[in-house]
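**Q** Structure in structure tokens, see below.
The values are calculated or read from the model by the stated rules, or taken from the named source; none is laboratory data. In this text, all values refer to a predicted model and were calculated from it rather than measured experimentally. Neighbour counts run over all protein chains shown; Cβ positions are idealised from the backbone, glycine included.
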Amino acid sequence: MPGQRIRILDSLDNATVDVAIIGGGINGAVTAAALSAAGVHTALVDRGDFSSLTSQESSNLVWGGFKYMQSYEFKLVRELCQSRNRLTDAYPSQVEPIEFLATFDEDSPYPVWLAGMGAMAYWGIGNFATARPRILRRSNVKSLEPVINTSRAKGGLIYSDSYLPDNDARFTFGFIKSALDRGALTANYTELAHAEFDDDYWTLQLRDMIDGTNRTLRARTIVNATGPWIDVLNEQLGVTTEHRIAHSKGIHLIVPRIGSGERVFAFFDEDERLYYVIPMGDRSVIGTTDSRVDEPTTEVTDEDREFLLRQINGRLDLDVPLTTNDVIAERCGVRPLVVDASGNHEESDWLQLSRKHEIEIDRNRGVVSIFGGKLTDCLNVGEEVLEAITQLGITSNELDDSWFGEPPTADFARFQARVNANNHVDDDNAETLWRRYGRRANFVLDRVIANPALAEILWDDPRYMKAEIVEIGEHEMVARVEDFLRRRTSLSLTEHGEELEDRIAEISELLGLAPAASI
């Protein structure tokens with residue numbers, strides 16, 4: 001609730017920390033979790049809500065990047081597959097395996113047999129950690145997913161990766177909460193207004209973006225985790241780097257569920273680029289595009305919508321083609337792609353630019369910069385930044401794998417036993433609560449036991465109880481109702497706006513916020 005956030009801001013005022021992280025997307029969040037777990041006194045601020053920009057606009061996929069094999073980035077694919085495996089093992093309820101069904105026709109750049117060989121190589125590169133790929137006849141594709149138009153298909157391919165059944169922003173916030181629980185000072189809606197370096201310390205002027213008040217923080221080291229804004233901030237900090245960022249725009253359209261909702265569909269668009277139809281509860285997410293932009297912010301255009309709808313309508317057997325009237329919500333983000341600062345990439349093949357990340361250290365000014373990065377590779381980013389700040393003289397404890405992941409299964413068994421001893425929460429909802437809150441699911445259950453009225457279900461898919469909203473309001477630093485609807489949950493992506501509007505006053509009250517007139 002707002003009181004929690006203000007208490008943290010007051011703790012930041014006139015404090016001195018080892019590391020100040022600027023940016024609360026996945027790179028900043030995972031860095032805060034890793035550093036705080038290693039005993040490093042850490043602060044993190046973001047001028048918006050946590051994960052409110054690029055990290056809330058992903059495809060919700062945790063994958064090795066099969067499509068990157070097209071550009072022969074085998075080393076990157078290997079690293080991403082290993083990262084995917086770590087996340088899938090560590091977060092069994094939050095990162096779930098899922099099948100991909102790719103359909104090939106005469107416009108596909110590769111024949112099915114060659115893609116099948118690539119899928120087998122991908123499987124091996126990933127240590128055979130997923131289900132074995134298999135090639136399908138056209139009739140098999142149709143019987144598996146009748147909604148797919150196979151009139152021009154030559155066959156299909158099944159391979160596997162993982163995805164987030166909840167949204168990317170929710171997963172990112174898990175690292176913020178982990179850092180907060182370990183003593184980090186994390187504050188959303190807090191802008192770095194000014195920074196000055198003197199006597200081996202940074203003095204940071206922080207501005208509360210909600211009430212306009214100012215606070216001062218001292219830090220030995222800054223971690224620039226601002227994603228698409230990294231070059232802008234480095235210029236303000238007086239830091240020169242070997243890399244810079246190129247901006248790539250990606251969009252998704254959320255529509256009513258397409259097909260069974262049990263697997264991801266993969267198609268090649270008219271430019272021979274892969275795009276996907278990804279399950280999101282009882283909805284589907286179509287995307288993504290990949291186009292060059294000059295600025296770190298952008299928006300969905302009519303051309304974007306027309307392009308994606310044209311692609312998907314050409315690949316589906318629908319009684320009525322999808323139109324813009326079927327679009328429930330949109331996602332639009334800018335990927336920060338790493339390029340050499342000295343190179344001219346204006347004329348290079350856009351799709352050949354690497355999706356890797358780079359960590360740079362400015363030893364003279366005590367700044368670590370995180371260029372690029374993907375949600376899948378987040379654990380490596382946190383560990384690499386910890387290593388970088390130790391090179392700057394920051395003392396840390398040894399880090400083991402206990403710094404990330406879900407609680408042990410024995411903890412869930414004890415929670416399940418508590419659920420079974422009461423009649424307020426069913427088994428399916430118990431699993432959902434555990435996925436979203438881990439051990440804090442016990443606190444949600446406590447609220448329901450104390451006040452059974454809080455067991456009321458506000459939505460069926462995705463399912464949310466009133467008790468969850470109260471818990472989120474008190475312990476997840478929700479400052480605005482949008483934070484809850486878009487990032488702590490995915491309701492503004494999956495529900496029609498008018499349906500949410502009818503619940504805004506009730507939601508705001510449960511969150512402990514002042515009444516909101518609209519979203």
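**Q** Please tell me if ARG365 is at pLDDT below 95, outside the structural domain of SER284 (by TED's automatic domain parsing), among the charged types (D, E, K, R) and in a loop (DSSP other than H, G, I, E, B). Don't jump to the end; show me each part of the working.
**A** On the way: at pLDDT below 95: no; outside the structural domain of SER284 (by TED's automatic domain parsing): yes; among the charged types (D, E, K, R): yes; in a loop (DSSP other than H, G, I, E, B): yes.
Judged against the criteria, ARG365 is not a match.
To keep it simple, each residue is scored yes or no on (1) over 20 Å from the mean Cα position of the chain (by Cα); (2) outside the structural domain of ARG47 (by TED's automatic domain parsing).
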position	(1), (2)
GLY227	no, no
ILE230	no, no
LEU237	yes, no
HIS252	no, yes
PRO256	yes, yes
PHE268	yes, yes
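**Q** To continue, here is another question. Enumerate the pairs (first residue in segment 20-40 and modelled with pLDDT of 95 or more; second residue anywhere and in a loop (DSSP other than H, G, I, E, B) and aromatic (Phe, Trp, Tyr)) with beta-carbon separation below 9 Å, excluding pairs fewer than 6 apart on the same chain, so at least 6 apart or on different chains.
**A** GLY24/PHE50; GLY25/PHE50; GLY28/PHE50; ALA29/PHE50; VAL30/PHE404; ALA33/PHE404; ALA34/PHE404; ALA37/PHE404
**Q** Next up: Exactly one condition in (1) in contact (Cβ under 8 Å) with a residue 60 or more places away in the chain; (2) surrounded by 23 or more Cβ atoms within 10 Å (Cβ to Cβ); (3) not polar (S, T, N, Q) is not met by GLY156; state its number.
**A** GLY156 satisfies every listed condition except (1).
**Q** Yes or no: SER51 in the same structural domain as GLY261 (by TED's automatic domain parsing), part of a loop (DSSP other than H, G, I, E, B) and touching a helix residue (DSSP H, G or I) at 6+ places or on another chain (Cβ under 7 Å)?
**A** Numbers: in the same structural domain as GLY261 (by TED's automatic domain parsing): no; part of a loop (DSSP other than H, G, I, E, B): yes; touching a helix residue (DSSP H, G or I) at 6+ places or on another chain (Cβ under 7 Å): yes.
When the stated conditions are applied, SER51 does not pass them.
Results for (1) closer than 30 Å to THR221 by Cβ; (2) buried (at least 20 other Cβ atoms within 10 Å of the Cβ); (3) at pLDDT below 95, shown as yes or no for each residue.
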{"site": "ASP411", "(1), (2), (3)": "no, no, no"}
{"site": "VAL419", "(1), (2), (3)": "no, yes, yes"}
{"site": "ASP427", "(1), (2), (3)": "no, no, yes"}
{"site": "GLU431", "(1), (2), (3)": "no, no, yes"}
{"site": "MET465", "(1), (2), (3)": "no, yes, yes"}
{"site": "VAL478", "(1), (2), (3)": "yes, yes, no"}
{"site": "VAL481", "(1), (2), (3)": "no, yes, no"}
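**Q** Continuing with the same structure: Can you tell me which residue is surrounded by the most Cβ atoms within 10 Å (Cβ to Cβ) among those in segment 46-78 that are of a type in the set (Val, Ile, Thr) and over 23 Å from THR298 (Cα atoms)?
**A** In the first step, residues of segment 46-78 are kept if they are of a type in the set (Val, Ile, Thr); the result is 54, 62, 77.
Next, only the ones that are over 23 Å from THR298 (Cα atoms) stay: 62, 77.
Values: VAL62: 30, VAL77: 23.
The extreme case among them is VAL62.
**Q** Return yes when LYS67 is more than 20 Å from ILE286 (Cβ to Cβ) and not assigned by TED's automatic domain parsing to the domain that holds ASP282 and no when it is not. Give the derivation first.
**A** Values: more than 20 Å from ILE286 (Cβ to Cβ): no; not assigned by TED's automatic domain parsing to the domain that holds ASP282: yes.
In short, no.
**Q** Would you mind finding the one in LEU445, LEU399, LEU375, LEU433 that is farther than 25 Å from ILE472 by Cα and hydrophobic (A, V, I, L, M, F, W, C)?
**A** On the way: LEU445 fails: farther than 25 Å from ILE472 by Cα; LEU375 fails: farther than 25 Å from ILE472 by Cα; LEU433 fails: farther than 25 Å from ILE472 by Cα.
Exactly one of LEU445, LEU399, LEU375, LEU433 is farther than 25 Å from ILE472 by Cα and hydrophobic (A, V, I, L, M, F, W, C), namely LEU399.
**Q** If I filter segment 110-126 down to residues being outside any helix (DSSP H, G or I) and more than 30 Å from the chain's Cα centre (by Cα), which single residue comes out as farthest from THR376 (Cα to Cα)?
**A** First pass over segment 110-126, keeping only residues outside any helix (DSSP H, G or I): 110-111, 126.
Filter again for more than 30 Å from the chain's Cα centre (by Cα), leaving 110-111.
Working: TYR110: 26, PRO111: 28 Å.
Ranking the candidates gives PRO111 first.
**Q** In addition: Any idea which of ASP426, ASP461 is touching a residue at least 60 places away in the same chain (Cβ under 8 Å), out of contact with any helix residue (DSSP H, G or I) (no Cβ under 7 Å at 6 or more places or on another chain) and not assigned by TED's automatic domain parsing to the domain that holds ILE176?
**A** Details: ASP426 fails: touching a residue at least 60 places away in the same chain (Cβ under 8 Å).
Of ASP426, ASP461, the one residue that is touching a residue at least 60 places away in the same chain (Cβ under 8 Å), out of contact with any helix residue (DSSP H, G or I) (no Cβ under 7 Å at 6 or more places or on another chain) and not assigned by TED's automatic domain parsing to the domain that holds ILE176 is ASP461.
**Q** Same structure, new question: Report, by residue number, each residue of segment 92-113 that is surrounded by 14 or more Cβ atoms within 10 Å (Cβ to Cβ), among the acidic types (Asp, Glu) and touching an Asp or Glu at 6+ places or on another chain (Cβ under 8 Å).
**A** We begin by selecting, within segment 92-113, every residue surrounded by 14 or more Cβ atoms within 10 Å (Cβ to Cβ); these are 92-105, 108, 110, 112.
Filter once more, so that each one left must be among the acidic types (Asp, Glu): 96, 99, 105.
Answer for segment 92-113, where residues must be surrounded by 14 or more Cβ atoms within 10 Å (Cβ to Cβ), among the acidic types (Asp, Glu) and touching an Asp or Glu at 6+ places or on another chain (Cβ under 8 Å): just GLU99.
**Q** In segment 433-463, what residues are within 14 Å of THR489 (Cβ to Cβ) and crowded, with 16+ Cβ neighbours inside 10 Å? Steps first, answer last, please.
**A** The first filter runs over segment 433-463 and keeps only residues within 14 Å of THR489 (Cβ to Cβ), leaving 433, 435-437, 444, 457-463.
Of everything in segment 433-463, those that are within 14 Å of THR489 (Cβ to Cβ) and crowded, with 16+ Cβ neighbours inside 10 Å turn out to be LEU433, ARG435, ARG436, TYR437, VAL444, TRP459, PRO462.
**Q** Residue by residue through segment 193-206, note down the ones that are touching a strand residue (DSSP E or B) at 6+ places or on another chain (Cβ under 8 Å) and without any contact (Cβ under 8 Å) to a residue 60 or more places away in the chain.
**A** ALA193, HIS194, ALA195, GLU196, THR203, GLN205
**Q** Give the number of residues within segment 488-505 that are in a helix (DSSP H, G or I) and touching a residue at least 12 places away in the same chain (Cβ under 8 Å). So that I can check it myself, show each step before the final result.
**A** The first filter runs over segment 488-505 and keeps only residues in a helix (DSSP H, G or I), leaving 488, 491-494, 497-501, 504-505.
Checking which are touching a residue at least 12 places away in the same chain (Cβ under 8 Å) leaves us with 488, 491-494, 497, 500-501, 504.
Summing the residues that are in a helix (DSSP H, G or I) and touching a residue at least 12 places away in the same chain (Cβ under 8 Å) in segment 488-505 gives 9.
**Q** Checking the condition modelled with pLDDT under 95 and in contact with a Phe, Trp or Tyr (Cβ under 6 Å, 6 or more places away or on another chain), which residue from ASP290, ASP282, ASP294, ASP269 passes?
**A** Working: ASP290 fails: in contact with a Phe, Trp or Tyr (Cβ under 6 Å, 6 or more places away or on another chain); ASP282 fails: in contact with a Phe, Trp or Tyr (Cβ under 6 Å, 6 or more places away or on another chain); ASP294 fails: in contact with a Phe, Trp or Tyr (Cβ under 6 Å, 6 or more places away or on another chain).
None of the other options fit; the residue is ASP269.
**Q** Can you confirm whether segment 321-333 contains a residue that is touching an Asp or Glu at 6+ places or on another chain (Cβ under 8 Å) and crowded, with 21+ Cβ neighbours inside 10 Å?
**A** If we filter segment 321-333 for residues that are touching an Asp or Glu at 6+ places or on another chain (Cβ under 8 Å), which is where we start, we get 328, 331-333.
So of that shortlist, the ones also crowded, with 21+ Cβ neighbours inside 10 Å come out as 331, 333.
Among the residues of segment 321-333, at least one is touching an Asp or Glu at 6+ places or on another chain (Cβ under 8 Å) and crowded, with 21+ Cβ neighbours inside 10 Å, which makes the answer yes.
**Q** Can you run down the residue pairs with Cβ atoms below 6 Å, 6 or more apart or on separate chains, where the first is in segment 385-408 and outside the structural domain of ARG436 (by TED's automatic domain parsing) and the partner is among the polar types (S, T, N, Q) and assigned to a loop (DSSP other than H, G, I, E, B)?
**A** Listed pairs, sorted by first residue: THR390/SER396.
**Q** Return the residue satisfying two criteria in turn: it lies in segment 270-291 and is buried (at least 18 other Cβ atoms within 10 Å of the Cβ) and among the charged types (D, E, K, R), and of such residues it is nearest to ARG310 (Cα to Cα).
**A** ASP290
**Q** Related question: If we scan segment 63-85, do we find a residue that is closer than 18 Å to LEU399 by Cα and either part of a helix (DSSP H, G or I) or not aliphatic (A, V, I, L, M) (or both)?
**A** Filtering segment 63-85 for residues closer than 18 Å to LEU399 by Cα gives 83.
Then drop every residue that is not either part of a helix (DSSP H, G or I) or not aliphatic (A, V, I, L, M) (or both), which leaves 83.
Yes, that holds for at least one residue.
**Q** Out of THR190, THR216, which single residue is in contact (Cβ under 8 Å) with a residue 40 or more places away in the chain, crowded, with 16+ Cβ neighbours inside 10 Å and of a type outside the set (D, E, K, R)?
**A** Details: THR216 fails: crowded, with 16+ Cβ neighbours inside 10 Å.
Answer to the check: THR190.
**Q** At least 2 residues that are under 23 Å from the mean Cα position of the chain (by Cα) in each: list the helices (runs of 4 or more DSSP H) lying fully within segment 391-487 that qualify. Please lay out each step first, then the result.
**A** On the way: elements: 409-420, 427-437, 441-450, 466-475.
In segment 391-487, 427-437, 466-475 are the helices (runs of 4 or more DSSP H) which contain 2 or more residues that are under 23 Å from the mean Cα position of the chain (by Cα).
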